[in-house]
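The values are calculated or read from the model by the stated rules, or taken from the named source; none is laboratory data. Worth saying up front: this structure is predicted, and the values here are computed from it rather than measured. Here the Cβ is made from the backbone with ideal geometry for all residues, glycine too, and neighbour counts use every protein chain on show. Ligands, DNA and RNA are stripped out before the accessible areas are found, and what is left, the full protein with its side chains, is counted by its heavy atoms. Shrake-Rupley method; radii C 1.70, N 1.55, O 1.52, S 1.80 Å.
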Amino acid sequence: MAYLNGATLRGATPSPALHRALQHTLLYADLFDYPLTLVEAWRYLIGVKATVWEVRAALAAAVHAGIFTHHAGFYSLGNRSELAALRTERERRARVLWWHARRWGAALSALPFVRMAAVTGALAMNNTATDDDDIDFLVLTAPGRVWLARILCIGLVHVARRFGVALCPNYVLSATALEQSPRNLYIAHELAQMVPLSGYTLHAAILAANEWVLEFLPNLEVKERGPADGRWAMAQKLGEHVLANGLGDWLERWERGRKQRKFARQAARSAAAQLDADHVKGHFNDHGARVLAEYQSRLELYRVEEG
């Protein structure tokens, strides 16, 4: 196996820091069998601020040296040119899921106390493995209504399932608890990749509250989004009016206590899970920790220096 830093770049040699950052970036993407376009390699460049033209020149030099492969507009490690076809196929599947995500995301956004709904996970990057993958959502709610909003979301999950659609609102948090932890590359990517379907002001706010993401992904830019769809605003306000009193407070406390008792053992075993008044993060399997461990193993395997 040829090590990634074992070849000499020819022509316009990039800086060692940029070359190393591209190694890190493509290695991370390779964990998900996901080749990158030029713009993606620039946007998700790990740890180094650079222009898209500098990234383009560095990628061209690395391809010329046989370190990276450029095929059908995508850059990947070594000779993994087959990933271009895989990505094209996954994007085809994603188009179908996006139709469902927008349809059900609008319904999710119309639920009482929901303030933002954003697609996360594989679909956010059009990297869905099957036609019936889960559609992951991060949901922001009105303060003091995290658990009540979540149970309404779960009700919608059951309705969608009857139509063959798997919704997964796996992270629900208060609009006043925007700062995320732990601060690592996996969480940085999750925040950078999420696609808001509503609550665009809050989307900008959650990124502003987590400026540490720029330490990992310094080229990240927040894309401008369109205005929110207000078709269901009246129904949402009516539901909130009904539950904005003592009944809503009681239901919030009851649901929170019930779920905390149910998941106490699982939450205690997972550093990623978070169940409190402002967060419902039931990530008991800690997928992020596994991804970062594999990423570290790949860096050692390919003898790529740390940033």
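Of all residues in the stretch 64-84, those satisfying the criterion of being at pLDDT 90 or above, outside any loop (DSSP other than H, G, I, E, B) and either of a type in the set (Val, Ile, Thr) or open to solvent by less than 70 Å² (accessible area, probe 1.4 Å) (or both) are Phe68, Thr69, Phe74, Tyr75, Ser76, Leu83, Ala84.
Annotation note: Cβ proximity below 7 Å between a residue of the stretch 98-114 that is under 19 Å from Thr141 (Cα atoms) and a residue that is crowded, with 21+ Cβ neighbours inside 10 Å and of a type in the set (Ser, Thr, Tyr) (sequence gap 6+ or interchain) occurs for Ser109/Ser198; Phe113/Thr141; Val114/Thr141. Filtering the stretch 128-149 to residues that are open to solvent by 40 Å² or more (accessible area, probe 1.4 Å) and either in contact with a strand residue (DSSP E or B) (Cβ under 7 Å, 6 or more places away or on another chain) or polar (S, T, N, Q) (or both) leaves Thr130, Asp134, Pro143.
With respect to Gly239, determine if the residue is outside any strand (DSSP E or B), at pLDDT below 80, on the phi < 0 side of the Ramachandran plot and not basic (Lys, Arg). No, not satisfied. Residues in the stretch 278-307 that are modelled with pLDDT of 85 or more, open to solvent by less than 40 Å² (accessible area, probe 1.4 Å) and not in a strand (DSSP E or B): Gly288, Val291, Tyr295, Leu299. For the stretch 153-188, a residue qualifies if it is farther than 25 Å from Val213 by Cβ and out of contact with any helix residue (DSSP H, G or I) (no Cβ under 7 Å at 6 or more places or on another chain), and the qualifying residues are Ile154, Gly155, Val157, His158, Val159, Arg161, Arg162, Phe163, Gly164, Ala166.
In the stretch 208-224, of all residues being closer than 16 Å to Leu185 by Cβ and open to solvent by less than 50 Å² (accessible area, probe 1.4 Å), the one that is modelled with the lowest pLDDT corresponds to Leu220.
Of the residues in the stretch 116-127, not one is open to solvent by 30 Å² or more (accessible area, probe 1.4 Å) and either more than 19 Å from the chain's Cα centre (by Cα) or charged (D, E, K, R) (or both).
Conditions tested, residue by residue: (1) without any contact (Cβ under 8 Å) to a residue 40 or more places away in the chain; (2) more than 17 Å from Leu111 (Cβ to Cβ).
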| site | (1), (2) |
| --- | --- |
| Asn126 | yes, yes |
| Ile151 | no, no |
| Val165 | no, no |
| Pro169 | no, no |
| Tyr186 | no, yes |
| Ala192 | no, yes |
| Val195 | no, yes |
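Residue by residue through the stretch 140-152, note down the ones that are under 20 Å from Met194 (Cβ atoms) and touching a helix residue (DSSP H, G or I) at 6+ places or on another chain (Cβ under 6 Å).
Leu140, Thr141
Taking residues in the stretch 72-96 that are over 30 Å from Arg303 (Cα atoms), and partners anywhere that are open to solvent by 70 Å² or more (accessible area, probe 1.4 Å), the pairs with Cβ atoms closer than 7 Å and at least 6 places apart or on different chains are Arg93/Asp131; Val96/Asp131. Does the stretch 163-186 hold any residues that are surrounded by 20 or more Cβ atoms within 10 Å (Cβ to Cβ) and among the acidic types (Asp, Glu), and which are they? None - no residue of the stretch 163-186 is surrounded by 20 or more Cβ atoms within 10 Å (Cβ to Cβ) and among the acidic types (Asp, Glu), so the list stays empty. Of everything in the stretch 38-63, what is in a helix (DSSP H, G or I) and β-branched (Val, Ile, Thr)? Give them in sequence order. Matches in the stretch 38-63: Val39, Val52, Val55, Val63.
Only one residue in Ala160, Ala204 is open to solvent by less than 40 Å² (accessible area, probe 1.4 Å), touching a residue at least 12 places away in the same chain (Cβ under 8 Å) and not acidic (Asp, Glu), so which one is that?
Going through Ala160, Ala204 in turn, just one is open to solvent by less than 40 Å² (accessible area, probe 1.4 Å), touching a residue at least 12 places away in the same chain (Cβ under 8 Å) and not acidic (Asp, Glu): Ala160.
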